[in-house]
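Below: the structure, in structure tokens.
The values are calculated or read from the model by the stated rules, or taken from the named source; none is laboratory data. These numbers were taken from a predicted model, which means no experiment stands behind them. Every residue, glycine among them, receives a Cβ derived from its backbone with ideal geometry; neighbour counts consider all protein chains shown. Accessible surface areas use protein heavy atoms only, side chains included; no ligands, DNA or RNA. Shrake-Rupley method; radii C 1.70, N 1.55, O 1.52, S 1.80 Å.
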Amino acid sequence: MDLTPLRRHRDYRWLYAAQSVSFLGSMVTYVALPYQMWALTHSSLAVGMLGLVELLPLLVTAFVGGALADTVDRRKMVLWTEVGLALGCGLLAADALLPVPRVWLLYAAATIMSALNGLQRPSLEAMTQRLVDPAELPAAAALQMFRGSMGMIAGPALGGLLIATVGIPSTFLFDLGTYAFSFFAVRQLRALPPPLAAERPTLESVREGFRYARSRQELMGTYFVDFIAMIFGMPLALFPALAGRLGGPRVLGMLYAAPAVGALVASLTARWTPRVSRHGLAVMLAATGWGIAIVAFGFCETLWPALFFLVLAGGADAISGIFRMTMWNQTIPDALRGRMAGIEMVSYLSGPLLGHVEAGAVAAAWGVRASVVSGGVLCVVGVLVCGALLPRFIAYDARNKIRSPEEVLP
């Protein structure tokens with residue numbers, strides 16, 4: 001990887017450390033929360049409802065957080081929401097310490113923390129373009145992908161280890177500790193005030209963000225392609241059923257980890273990405289590769305070929321993500337970056353959740369293999385249709401769009 005952003009920018013190093021540690025803790029809770037819900041209820045429906053109570057507030061607060069990120073100091077926004085998220089972890093730990101933990105408190109904590117995440121994430125995502133030079137944004141995107149891949153691999157493994165060794169309450173307290181570190185790290189950043197011309201957040205400012213997104217065909221292409229790929233080509237909900245065919249429960253964790261391993265490899269070898277200027281075309285080709293790999297995965301009868309194609313799919317998704325993030329950070333004006341980050345957040349978080357529903361419904365009607373294969377095929381078709389309908393997305397050339405160095409704070 002190109003480590004230039006970390007070497008050259010002190011504030012970016014602190015931000016990267018904060019996000020890395022905090023995301024690790026979040027992935028620990030990602031395992032511990034549904035595990036505790038299952039232990040208390042033995043109901044898959046109760047576990048699945050966690051996704052619903054997390055999605056609904058996010059659909060509101062992501063847009064509010066985006067508007068706030070463009071009108072308040074982004075550093076302060078992250079610090080205040082970090083305190084709220086830490087308190088949410090404390091609530092989960094306190095509930096787990098009760099003689100009979102309360103299920104409703106699990107739902108309440110999940111709802112509150114998801115809402116706070118929606119408020120925080122746009123400010124976090126909008127910080128990077130203020131902290132690194134425009135030419136370094138592809139390297140920063142690869143570093144971000146590496147951080148996410150490591151968290152998705154190490155976090156669930158660490159979560160399972162902590163649950164087995166120190167128990168659920170201490171597992172939630174571990175996540176609280178990661179928020180404490182993140183709070184300290186973000187405090188080391190300089191202030192990140194809004195642009196001088198920033199207005200108060202209003203419903204009209206949120207609408208302005210949507211109008212800007214609609215006016216940028218290349219941005220809409222990144223949103224649509226990712227949304228289509230995640231709805232039709234994300235068979236995570238079918239992994240438990242597929243594990244029974246490929247080796248039983250012992251291989252389930254390997255299936256979940258394989259895409260993250262592919263993303264990790266892609267991010268570690270991403271030094272070539274700054275030499276690519278046709279980012280829209282790269283996103284489309286990578287998403288097509290994801291769909292093709294998922295089709296091949298659906299036809300696998302044994303474990304190792306299945307893992308191989310999942311690794312390929314994860315690598316393709318990471319490459320798509322690197323170019324999407326680069327396009328967003330290089331071309332969106334700083335005054336609108338927070339609102340666009342809110343739209344991006346809803347796009348890439350709601351797609352997988354809806355994909356679980358799609359995969360499960362098709363599997364129930366026509367079988368697991370039909371669901372996986374048809375999803376991959378629809379992903380490829382949908383991506384190619386997006387390319388045909390959005391010519392400016394495919395024609396996008398970064399050499400004509402990079403922001404001037406004056407837009408980056410000294």
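Side notes on the structure shown:
- Restricting attention to the range 309-327, the residues that are open to solvent by 20 Å² or more (accessible area, probe 1.4 Å) and either touching a Lys or Arg at 6+ places or on another chain (Cβ under 9 Å) or free of Cβ contacts under 8 Å to residues at least 40 places away in the same chain (or both) total 1.
- Inclusion of Arg187 among residues that are of a type in the set (D, E, K, R), at pLDDT 90 or above, open to solvent by 10 Å² or more (accessible area, probe 1.4 Å) and under 24 Å from the mean Cα position of the chain (by Cα) is warranted.
- Checked against (1) in a helix (DSSP H, G or I); (2) open to solvent by 50 Å² or more (accessible area, probe 1.4 Å), Leu105 meets all criteria but (2).
- Being among the charged types (D, E, K, R), closer than 26 Å to Leu203 by Cα and open to solvent by 50 Å² or more (accessible area, probe 1.4 Å) holds for only one residue in Glu82, Glu54, and it is Glu54.
- Taking the numbered list (1) in a helix (DSSP H, G or I); (2) open to solvent by 20 Å² or more (accessible area, probe 1.4 Å) in turn, Glu301 passes all entries but (1).
- Residue list for the range 1-54, restricted to those being free of Cβ contacts under 8 Å to residues at least 24 places away in the same chain and among the hydroxyl-bearing types (Ser, Thr, Tyr): Ser43, Ser44
- Near pairs, Cβ below 6 angstrom, 6+ apart or cross-chain, from the range 139-155 (closer than 17 Å to Asn329 by Cα) to any residue that is of a type outside the set (A, V, I, L, M) and surrounded by fewer than 22 Cβ atoms within 10 Å (Cβ to Cβ): Ala139/Asp2; Ala139/Thr4
- The residue of the range 152-175 that is modelled with the lowest pLDDT, among those that are of a type in the set (A, V, I, L, M) and farther than 21 Å from Ala86 by Cβ, is Ala157.
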